[in-house]
Amino acid sequence: MEVLIRPDAGSAAELVARIVAAQLRANPRLVLGLATGRTMDGVYDQLARMHREEGLDFSGCRTFNLDEYVGLSASDPRSYRHYMQERLFARVNLHPGNTHLPDGAAADLESECERYERRIAECGGIDLQVLGIGVTGHLGFNEPLSALRSRTRVKALTPATRQQNGSFCGGADRVPRRAITMGVGTILDCRRCVLLATGAEKAGIIAKAVEGPMTSMVSATALQWHPRCTVVVDGAAAAELKETEYYRWIFANEPEWEAFR
């Protein structure tokens, strides 16, 4: 794992978008894992701008989202399919058939989870997974005590998660109580991952995820196992990290990041 600290939320989101763009240019058939939430808004805005102004081509890209709420149709404004359509899919040249989210309205949820895992495998696995982190340290909706080898499944959401997501749904009471989520093991199967976190409210959980012990109580700590994980944070989210001097040195000096400086 490596940690890159940027001055503010905008520059952090821009860096993540540039990482995605570089991977897409290198591999036009990229299988891209996507996340939702306000932290991702800046990333998707930048990718849409790159498509519009720089010709960034998504036509061969396949996407898989981390999660979807149980019980919501794709047209429901609270659904993550609706969010992705507005924030990214309709703004770039992604083929609709190449965009994948779990079907939260499926009649047989267990079969839907198995189908989603199969579809990822049929596409050759995820090349680059973009991640956010929740207030409980969850990746996707892998709430506390999620098994670190778990696969796509239905999870009950904690009150803290429902409260955090309430602004998207018109209040915490309108956030569904369950969601389909990629498992921690599913996420760890990706070839490369990049996690974005911004804001002072994420500082404590980022410190636990990056520098704390690995535990199923904080599913993001499992990323310490991943052979190629990059964590991008702004100064506020980095506030409780202990090795910030070293992390800043990495971005300023390592050859891999020269083109991104």
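Numbers for the structure displayed
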| read-out | value |
| --- | --- |
| Given (1) under 19 Å from the mean Cα position of the chain (by Cα); (2) at pLDDT 95 or above, index of the condition Thr136 fails | (2) |
| Pick from segment 97-150, criterion small (Gly, Ala, Ser) and in contact with a strand residue (DSSP E or B) (Cβ under 8 Å, 6 or more places away or on another chain), ranking: nearest to Val70 (Cα to Cα) | Gly104 |
| Members of segment 28-64 that are in contact with a strand residue (DSSP E or B) (Cβ under 9 Å, 6 or more places away or on another chain) and either in a helix (DSSP H, G or I) or open to solvent by 50 Å² or more (accessible area, probe 1.4 Å) (or both) | Arg29, Thr39, Met40, Gly42, Val43, Tyr44 |
| Members of segment 162-189 that are buried (at least 23 other Cβ atoms within 10 Å of the Cβ), outside any loop (DSSP other than H, G, I, E, B) and either in contact (Cβ under 8 Å) with a residue 60 or more places away in the chain or not aliphatic (A, V, I, L, M) (or both) | Ala179, Ile180, Thr181, Thr186, Ile187 |
| Segment 64-114, residues that are of a type in the set (Asp, Glu), touching a helix residue (DSSP H, G or I) at 6+ places or on another chain (Cβ under 8 Å) and free of Cβ contacts under 8 Å to residues at least 12 places away in the same chain | Asp76 |
| Subset of segment 190-216 [open to solvent by less than 10 Å² (accessible area, probe 1.4 Å) and either touching a helix residue (DSSP H, G or I) at 6+ places or on another chain (Cβ under 9 Å) or assigned to a strand (DSSP E or B) (or both)] | Cys193, Val194, Leu195, Leu196, Ala197, Ile206, Ala209 |
| Those residues of segment 217-232 which are under 17 Å from Thr186 (Cβ atoms) and either in a loop (DSSP other than H, G, I, E, B) or among the β-branched types (Val, Ile, Thr) (or both), in sequence order | Thr221, His226, Pro227, Arg228 |
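Quick grid of which residues meet (1) more than 18 Å from the chain's Cα centre (by Cα); (2) modelled with pLDDT under 95:
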residue	(1), (2)
Glu114	yes, no
Gln129	no, no
Arg151	no, no
Asn165	no, yes
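The values are calculated or read from the model by the stated rules, or taken from the named source; none is laboratory data. What you see is a predicted model, and the numbers here were worked out from it, not measured in a lab. In this analysis, Cβ positions are derived from the backbone assuming ideal geometry, glycine residues included, and neighbour counts consider all displayed protein chains. These accessible areas exclude ligands, DNA and RNA; they are computed on the full protein's heavy atoms, side chains included. Shrake-Rupley method; radii C 1.70, N 1.55, O 1.52, S 1.80 Å.
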